[in-house]
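Everything below concerns the one structure shown next.
Quick note: the coordinates plus some simple rules give every number you see, no bench work behind them. Values in this document were obtained by computation on a predicted structure and should not be read as measured data. No Cβ is skipped: glycine too gets one built from the backbone with ideal geometry, and neighbour counts run over all protein chains shown.
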Amino acid sequence: MKKKKILAAGFVICMGIWLFCVCRKEDRLEKDKLYVGVTYYDQSDTFINALIDCLKDEVQNYEEKGYEAAIQLRGASGSQRIQNDQVKELIDAGCNVLCVNLVDRADPSEIIDLARENGIPVIFFNREPVAEDMMQWDKLYYVGATAVQSGTMQGELAVELIKSDAGIDRNHDGKIQYVVLEGEPGHQDAIIRTENAVEALKRNGIEIEKLSYGIANWNRAQAQNQMLQMISQHQNKIELVLANNDDMALGAIDAYEKLNYTESALPVFLGIDGTDVGLNAVRESKMAGTVYNDKEGQAAAIMELSAALATGKGMEKIEFEKERYIYLPYFKVTPSIADYMEKGSRNRYGKVSLYMLQRSVIMTS
């Protein structure tokens, strides 16, 4: 009898251990898996690098939430062929969501075909494919911002500055002579940013005269070279520099600094994106303003959508436009607002609450 009791007790203990191990194993099996493959157009782009850093932070946040989360990153060095090959690699590596910052926004078909063949959803980000390509499959999404809004806001910043400071019109001819530093030739965002900035100036009654423009491919060094050429042609006539991004605005400033221009002889410089270096330039009043592109918000939205697609949970909580688009708003940054950027509170899609930043400046002014 005693031996039977010992055997029974041993059996109960063994069953308990077995059940505990099974439960632990089931816990591991039930852990949501989020393996994100990211390929982006160029490793040298300042804004994209900052956005990628935000994505890394978000993956860590999902690990802390209990996901089995990992991210694989590939920079495409400006080559669509390389990017297509990278998508194959990421699929072979077992990624269950693809996040693609296209090299050529008009050429996503090979990526879409690969993803569809393997049943892996794609989130395009920052560079929006043409609408027809987004209709190729119902598992294609986009996260970014609208180029129209950024250009309009840049133009409105210029309007506010010109109306508040008659000295910007240095030759007092009633017109603002301006130049433009554009991103890639033929790139939709570059064209839209420029067109809408200029249209905002005209719509608000500012008489303008375009002196020149230069293609600088979003690059600071190229912008400096383009600006040096425009200065040599137009000397002190340039009163306003509209740059499609902060790096090109900073390149324009570099050109003037290289030529040892005095502060009183400098034009007004405006950028777009609100990169760290751009915001610093605004705080120091080297740039008159920029338009903040919410990288924190975009990264958070990308990861929320990735988790929903990978697990099948939470899609109903995501607010889409046109069913498969998520747009984060831009907002204007002047020196007074730039001072508040590091104090931003967390909103749903990022650590900077744009509304609260603007309210803070209004309440303290």
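Data for the structure
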item: Per-residue HN-Hα couplings for the range 254-266 [Karplus 6.51, -1.76, 1.60; θ = phi - 60°; Hz; x = Gly/Pro]; result: 4, 4, 5, 5, 4, 8, 6, 5, 6, 4, 5, 9, 7
item: Two-decimal Rg/Rh across the range 54-182, once Rg and the Kirkwood Rh are taken from alpha-carbon atoms; result: 1.17
item: The range 37-106: C-alpha gyration tensor shape, a/c 1.5 cut-off, then a/b vs b/c; result: oblate
item: Prolate/oblate/rounded label for the range 204-259 (Cα gyration tensor, a/c 1.5); result: oblate
item: Percent of beta bridges antiparallel (DSSP, the range 214-332, rounded to nearest 5); result: 40 percent
item: Cα-based equivalent ellipsoid of the range 140-270: semi-axis lengths in Å, sorted from largest, via gyration tensor; result: 23, 19, 11
item: Relative packing of peptides 129-136, 240-247 - highest average C-beta neighbours within 10 Å first; result: 240-247, 129-136
item: Global form of the range 29-69, assessed from the alpha-carbon gyration tensor, a/c cut-off 1.5; result: oblate
item: For residue 217, distant residues with modelled amide H under 5 Å away; result: 184
